[in-house]
Amino acid sequence: LLRVLLKKAPKWMMVLLWGIVAIRLVCPFTIESVMSLMPSPQVVSPTISTDTVPRVHTGISVLNHVINPMLETSAHATEASVNPMQMWIFVFAIIWIAGMIGMLIYNIISYQRIKRQVKTAVWVRDNIYQTECVGSPFVLGMWEPKIYLPFHMCEQDMEHVIAHEQAHICRKDHWWKPIGFLILTLHW
């Protein structure tokens, strides 16, 4: 919704909003606020897998009345020695780990594919390369970032594009993108 409302806003606002999301996903604690979409700071209790009657406390009573009876039913569905909640938490943990591994493999393969595409790039000057294998300019590399340009660019546009890509390097965007991918991998 904010993305639609802020469509004409400066790009730094989008970066700021994504930064807030990233900080929220990475921080191990929450800051309570009346503006929060989740009124309760701790929706799921850390002891839910061992509770005899598992419950969630979303802060929204309608949601609690829908979810909690289902949790109670699944907890009392069997008289097995293993608490069904422990089993479900284990299954979901395996799914989450598999998703993380899948995202990590996807990111590594994508990075390797791009590296292979620009392997034949021709050095222009400094950290600038040209290749016929790319359709648009970009920066690649974290420790020694290189600017890759397509061959079909005219000389007049090339200097502006190089300045633009160097601005990305100065702002450390080549660091922020991999950090974003790691956060996305963790919270797929």
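The values are calculated or read from the model by the stated rules, or taken from the named source; none is laboratory data. Here the structure is a predicted model, which means the values were calculated and not measured. Neighbour counts are summed over all protein chains in view; Cβ atoms, including those assigned to glycine, are modelled from backbone coordinates with ideal geometry. These accessible areas exclude ligands, DNA and RNA; they are computed on the full protein's heavy atoms, side chains included. Shrake-Rupley method; radii C 1.70, N 1.55, O 1.52, S 1.80 Å.
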³J(HN,Hα), Karplus 6.51/-1.76/1.60, whole Hz, each residue of segment 117-126, x for Gly, Pro: 5, 9, 4, 8, 4, 9, 5, 9, 5, 6
Derived scalar couplings ³J(HN,Hα) [segment 156-173; Karplus, 6.51 cos²θ - 1.76 cosθ + 1.60; whole Hz; x for Gly, Pro]: 5, 6, 4, 5, 5, 5, 4, 4, 5, 5, 5, 5, 4, 5, 4, 7, 6, 5
Net charge over other residues, Cβ less than 15 angstrom from the Cβ of A22 (K, R count +1; D, E count -1): +2
Mean separation of Cα contacts under 8 Å (6+ apart) over length of segment 138-188, as relative contact order %: 37 percent
Size descriptor, Kirkwood hydrodynamic radius, that averages inverse alpha-carbon separations across segment 110-188, Å: 13.3 Å
Over 23 Å (Cα to Cα) - which of K8/K115; K115/K172; K7/K115; K11/K115 fall in this group: K8/K115; K7/K115; K11/K115
Karplus (6.51, -1.76, 1.60) ³J(HN,Hα), θ = phi - 60°, over segment 109-114, in Hz, Gly and Pro reported as x: 5, 4, 5, 5, 5, 5
Of all accessible heavy-atom area on segment 78-188, the percent that carbon and sulfur account for (1.4 Å): 67 percent
